[in-house]
Amino acid sequence: MKRKHIYGLVLCFITFVSFSFNASAQRCDKKDLCNDEDYGDYDFKSQTHFAKLSPGDTSTINIVAYSGNDMRILVCADEELGEIKYQIVEPIREVKKVMKVGPERIEEVFKMDPNTGERAVDEFGQTTKLGDKKVRDTTYETKTNIIEKLIYDNSKSKDKPFYEEKNIPKTKRLRIKVQVPKGQDPELVACVNVLVGRKSAKSNKFLKGKD
């Protein structure tokens, strides 16, 4: 009985360890998929994202690039997903004033009193019609469109395995569009990690100390 009891405990322990290992292996935030030399001295804690994707999947992430900072973006994936493609775009609000012209109509034209700005009357109190003119009513409407300015495309940038921007002048929003290539196994699920790092930009200006 003791031997069976020991075997049972050992089996339970092995099952628990195996389950824990598999669960950890499936956690994308626990996987270090990028090359160590690509991290540099950036802090990747605040806006890093993790996802489980399959061949053919696409996903979009919105981030903020803060002014006065350097920024580096890494997109890394499990090898079985193949070469991940991604683009970084900046959404820009475009405001246009559109003129709208109404249908043509006929308007009567009268002689006007230059002093009062109203219709002039003769000695008999009658107005004088000068004729008719064709007019159109014009109104203006404001339309807002969002256009996407392409900043980076990793398929066209082979010099570095990441996107980097130095000394960002103005805080802005960016979108990272990730595309997993189609594969032979559509049931495959693996990790894609998007790491957004930042650090204070180098400045050549003197700062006043606190009293």
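The values are calculated or read from the model by the stated rules, or taken from the named source; none is laboratory data. Every value quoted in this text rests on a predicted model; they were computed, and no experiment measured them. Backbone-built Cβ (ideal geometry, glycine too); neighbour counts: all protein chains shown.
Does ALA120 satisfy being surrounded by 11 or more Cβ atoms within 10 Å (Cβ to Cβ) and under 30 Å from the mean Cα position of the chain (by Cα)? Break it down stepwise before answering.
Details: surrounded by 11 or more Cβ atoms within 10 Å (Cβ to Cβ): yes; under 30 Å from the mean Cα position of the chain (by Cα): no.
When the stated conditions are applied, ALA120 does not pass them.
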Test: residue in region 97-104 that is under 34 Å from the mean Cα position of the chain (by Cα) and either under 20 Å from HIS49 (Cα atoms) or in a loop (DSSP other than H, G, I, E, B) (or both): no
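Test of understanding: among GLU90, GLU94, which residue is at pLDDT below 90, in a strand (DSSP E or B) and not polar (S, T, N, Q)? First the steps, then the outcome.
Numbers: GLU90 fails: at pLDDT below 90.
Checking each option against the conditions leaves just GLU94.
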GLU90 being in contact (Cβ under 8 Å) with a residue 60 or more places away in the chain and in the same structural domain as LEU174 (by TED's automatic domain parsing): yes
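Here are GLU148, GLU141: which of them is out of contact with any Pro (no Cβ under 9 Å at 6 or more places or on another chain) and not hydroxyl-bearing (Ser, Thr, Tyr)?
Every option except GLU141 fails the conditions.
In region 166-196, how many are of a type in the set (Asp, Glu) and either in contact with a Gly (Cβ under 6 Å, 6 or more places away or on another chain) or modelled with pLDDT of 95 or more (or both)? Write out each step before concluding.
Within region 166-196, the subset of a type in the set (Asp, Glu) is 185, 187.
Now narrow it down to the ones that are either in contact with a Gly (Cβ under 6 Å, 6 or more places away or on another chain) or modelled with pLDDT of 95 or more (or both): none.
Of the residues in region 166-196, 0 are of a type in the set (Asp, Glu) and either in contact with a Gly (Cβ under 6 Å, 6 or more places away or on another chain) or modelled with pLDDT of 95 or more (or both).
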Residue within region 189-204 that is outside any strand (DSSP E or B) and within 27 Å of ASP32 (Cβ to Cβ) present: yes
Top-ranked residue of region 127-160 - restricted to ones that are surrounded by fewer than 10 Cβ atoms within 10 Å (Cβ to Cβ) and assigned to a loop (DSSP other than H, G, I, E, B), ranked as modelled with the highest pLDDT: LYS156
Residues satisfying the stated conditions in region 58-77, i.e. closer than 17 Å to ASN154 by Cα and surrounded by 13 or more Cβ atoms within 10 Å (Cβ to Cβ): SER59, ILE61, MET71, ARG72, ILE73, LEU74, VAL75, CYS76, ALA77
